[in-house]
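Data first, discussion second: the structure below is written as structure tokens.
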Amino acid sequence: MNFDFSDEQRMLQDTVRRYINEKIMPIADEMDRKGPMSKANAQRFLRDLKEFGYVGTLVSEEDGGPGLTHMEWPILFEELRRGYASLGGVVGITSASTGRIANGGNLELKKRILPGLLNGDTIICSAITEPNVGSDTAAIETKAVPDGEYYVINGTKMWISNGTIADYAIVTLKIVDPATGKQRPGQILVEKSQSPFTSREIHKLGVRSFPTAEMIFEDCRVPPSFYWARGCAATRNARFPRPFAPRPPSGSPPRPYRFTGPTVFRKNIP
């Protein structure tokens, strides 16, 4: 398998590197010192970066996305995280979760939600991790119980990237059968404006302007059309690959690795 970049991919890398060096890096340190990024700033960055393919990177052109591949993804996000690690997190989570909606959402959800996400107008997060079980999707404690025309969600999520600025949350949970008490894995998309939830910022040592939240769902009522992943599919979706190079708590070191493909790394040797 050949992981060498094509001429077009090298051109993409050069273009985004130049943009990030000139436009992003000069403001990154100051913004990180100020703490969690506001929603307005996140939207501004998303709109500026979408022309390079950062928003919904893997979403097909038919669905309104840039239609890039798993080779372009690491090119884009290595450069962005090198220049501003926190911004790389905000954009990466939004882009990856947008791709999940495009690939797994029903037609109603895609028509309603994708345009805003792909334009950088709305923001999404993926709510998996919990205080008592971490990211063990088999042990998730958040529950959704059918109640008439709604699912009622109760539970707490922790360390949720973009949680304080998200318009939508893909929530990994257990669906409870009220008749038998049996539980099965599921994922429900929660639209905050229609089904409110509470989020609280968790302040960190590093990547300080990357919003990270505790999220509380208390009798959160969601229509059944937003229930979009069941059983094994929900568990599999919750384990989507983390799209970033490893980072220590104080933030990403300067270019510790260089991507040569979607899952293959080699040390960056000067």
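Okay, here's what the table says:
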| read-out | value |
| --- | --- |
| Euclidean distance between Cα centres, segment 200-214 to segment 16-60, Å | 17 Å |
| Net lengthening on full extension, Ile202/Asp7 (0.36 nm per residue, minus Cα-Cα) | 66.0 nm |
| Residue (of Pro66, Gly89, Gly53) at the positive-pole extreme of segment 47-95, dipole from beta-carbon charges | Gly89 |
| Cα gyration tensor shape of segment 83-180, rounded if a/c is under 1.5, else prolate or oblate by comparing a/b with b/c | oblate |
| Around Phe217: net Lys/Arg minus Asp/Glu count, Cβ-Cβ under 12 Å | -1 |
| Over 26 Å between alpha carbons, listed pairs Lys34/Lys111; Lys157/Lys204; Lys23/Lys111; Lys39/Lys157 | Lys34/Lys111; Lys23/Lys111 |
| Cβ-defined net charge surrounding Asn103, 11 Å radius [Lys, Arg +1; Asp, Glu -1] | +1 |
| Pairwise FRET efficiency - Val133 versus Thr180, Cβ, R0 = 22 Å, nearest 0.05 | 0.45 |
| At R0 = 35 Å, FRET efficiency that the Cβ-Cβ distance of Glu149 and Asn119 yields, to 0.05 | 0.70 |
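Laboratory data are not the source of any read-out in this text; all were calculated from the coordinates shown. Quick caveat, the model's predicted, so the values are computed rather than measured. Every residue, glycine as well, gets a Cβ built from its backbone with ideal geometry; the counts of neighbours run over all protein chains shown.
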